[in-house]
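**Q** I have a structure here, written as structure tokens, and I will follow up with some questions on it.
Coordinate-derived values only; no laboratory data. Note that this is a predicted model, so its numbers are computed, not measured. Virtual Cβ from ideal backbone geometry, glycine too; neighbours counted across all protein chains shown.
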Amino acid sequence: MTRIDCAIIGAGWAGLSAAALLKACGREALVLDKARGPGGRSSTRRQGGFTLDHGAQYFTARSEAFIQQVQAWRDLGLIQAWDPAIDVVGARPDNAGQTPAERLVGVPGMNAVLSYLAKNQRCQFGWRLESMQFDGHWQLVSSEGERIQARHLLLTAPPPQALALLRADHPLAEQVAGVRMAPCWTLMLGFDRKLDQVPDAAFVNQGPISWLARNGTKPGRNEESWVVQASGAWSREHLEDSADAVTENLLTAFHALVPAAKDRRPSLKSAHRWRYAQAENPLDCQFLGHPEQNLAVAGDWCAGNRIEGAWTSGRAAATWFL
């Protein structure tokens, strides 16, 4: 059995930010993730010779603390500003936010910062948490039967997954269960030649698509690749459709928005389902804590949804453990 001071479930922004702070303070942490590498919803897909940011498209920095952290990552060459020409299709919704001062992206992919953080932490990938129990320490068991004992536990999974691990009778369950997560189907396209007279990106306020981006216009990318994200409502309606069916439906909608691609056969077309993409009603508490069990639950959904929220949430939970 592996014994550790702090086990962190999830190698996304919240989990790795927490691990980095704990390590800086001399605490031992182990990050566990079921995926093959870091990133969570900021993962970068490499497929068919193309590199695509198929989750988070960009992020912003608002608080002074995060602005300073972003500058440090910029100095390392991990982040650059992306200044796309963005079209708006359909009437802009009343709840649309203000245009950010700048849009930031990881270089060469959105997972660049997380890959950097993971290299400096103790991480295990391909590790799926099957069950957990508290008996003075946390006893964690993976789907492969591997056991880990931890004094502190930080869960950064999306609310439905965190709730399944906590179980309905846990004191934090009601708050976690109250957060509704919207899904998102994402279409990834790659072409062997540049498309002419097309937008860099577009917010779409009608039909099945909510966002499309010419991924190759971001710093550090140069191939003709596109990311097309469906709306939450359309994704929920088609949540259990096959990836092939979703690909064809979204490709038809993409052709209507980008006619230049209609007569071009993509070298790559693939769909990915984010079952828990974004909180519809995020909390504003930074994280949820249960002191008697040395347990914290964190994530962007605890602090307003954005990548900055995930970073803030993870660091707040880590500080609570100190």
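**Q** Suppose every K and R has +1 on its Cβ and every D and E has -1 on its Cβ; what is the size of the dipole of the range 1-95 about the Cα centre, in Debye to the nearest 20?
**A** On the way: 11 positive and 9 negative charges, 78 e Å.
Here the range 1-95 has a charge dipole of around 380 debye.
**Q** Could I ask something else about it? Net charge near Arg147: determine it from the other residues with C-beta under 11 Å of the C-beta of Arg147, scoring Lys and Arg +1 and Asp and Glu -1. Before the final figure, lay out each step's value.
**A** Details: positive: Arg3; negative: Glu130, Glu144, Glu146.
Here the charged neighbours net out to -2.
**Q** Okay, moving on. Round to the nearest 0.05 the FRET efficiency obtained for Gln124 and Ala96 when R0 = 35 Å and r is the Cβ-Cβ distance.
**A** For R0 = 35 Å, the calculated efficiency reads 0.30.
**Q** Cross-link partners among lysines for Lys119, C-alpha distance below 19 Å, same-chain residues fewer than 8 apart left out?
**A** Lys23, Lys34
**Q** While we're on this one: Taking 25 Å as R0, compute the FRET efficiency from the Cβ-Cβ separation of Gln175 and Phe134 and round it to 0.05. Could the numbers behind the result be given before it?
**A** Values: r = 18 Å, r/R0 = 0.72.
Computed FRET efficiency for Gln175 and Phe134 comes out at 0.90.
**Q** A further question follows. Out of Gly77, Gly109, Gly232, any idea which swings most in a Gaussian network model of the chain, alpha carbons joined below 10 Å?
**A** Gly77
**Q** In nm, to one decimal, how far is the modelled label at Asp263 from the one at Leu322, with both set 7 Å along Cα→Cβ?
**A** Reported label-point gap for Asp263 and Leu322 is 6.2 nm.
**Q** Suppose a student asked you for the relative contact order of the chain, using Cα pairs under 8 Å spaced at least 6 residues apart; what percent would you report? Spell out each step's value before the answer.
**A** Working: 706 pairs, mean separation 73.0, N = 322.
About 23 percent, as a whole number.
**Q** How big is the charge dipole of the range 172-322 about its Cα centre, in debye rounded to the nearest 20, if each Lys and Arg gets +1 on its Cβ and each Asp and Glu gets -1 on its Cβ? Can you show the working numbers first?
**A** On the way: 15 positive and 17 negative charges, 94 e Å.
Roughly 440 debye, rounded to the nearest 20.
**Q** Continuing with the same structure: Specify which residue in the list Tyr276, Leu212, Thr2 is farthest towards the positive end of the charge dipole of the chain, using unit charges on the beta carbon of Lys, Arg (+1) and Asp, Glu (-1), about the Cα centre.
**A** In the chain, that residue is Thr2.
**Q** Sticking with this structure for a sec: Taking the simple approach of a point 7 Å from Cα along Cα-to-Cβ for both Glu240 and Ala72, what is their distance in nm?
**A** Those two pseudo-labels are separated by 4.6 nm.
**Q** If you don't mind, another one. Please list, or write none, the lysines whose alpha carbon is within less than 20 Å of the alpha carbon of Lys194, excluding same-chain residues fewer than 8 places away.
**A** Lys218, Lys262, Lys269
**Q** As I understand it, the dipole of the range 71-140 uses +1 on the Cβ of Lys and Arg and -1 on the Cβ of Asp and Glu, about the Cα centre. Which of Val105, Gln71, Trp127 lies farthest toward its positive end?
**A** My answer, from the dipole projection, is Trp127.
**Q** Okay, next question. So between Glu64 and Ala168, what do we pick up on full extension, going 0.36 nm a residue minus the alpha carbon distance?
**A** On the way: separation 104, 0.36 × 104 = 37.44 nm, distance 3.77 nm.
Difference between extended and current length: 33.7 nm.
**Q** Please work out the C-alpha center-to-center distance from the range 1-51 to the range 243-322 and express it in whole Å.
**A** 16
**Q** Taking the Cα centre of the range 249-304 as origin, sum charge times position over the Cβ atoms of Lys and Arg (+1) and Asp and Glu (-1), and report the length of that vector in debye to the nearest 20. Mind dumping the intermediate values first?
**A** Details: 6 positive and 5 negative charges, 140 e Å.
Dipole of the range 249-304, to the nearest 20 debye: 680 debye.
**Q** To continue, here is another question. Put a dot 7 Å past each Cα toward the Cβ at Thr2 and Glu146; how far apart are the dots in nm?
**A** Between Glu146 and Thr2, the label points sit 0.5 nm apart.
**Q** Within 11 Å, Cβ to Cβ, of Gly40, how many net charges do the neighbouring residues add up to if Lys/Arg are +1 and Asp/Glu are -1? Please list the in-between numbers first.
**A** Numbers: positive: Lys34, Arg41; negative: Asp33, Asp300.
Charge balance in the 11 Å sphere: 0.
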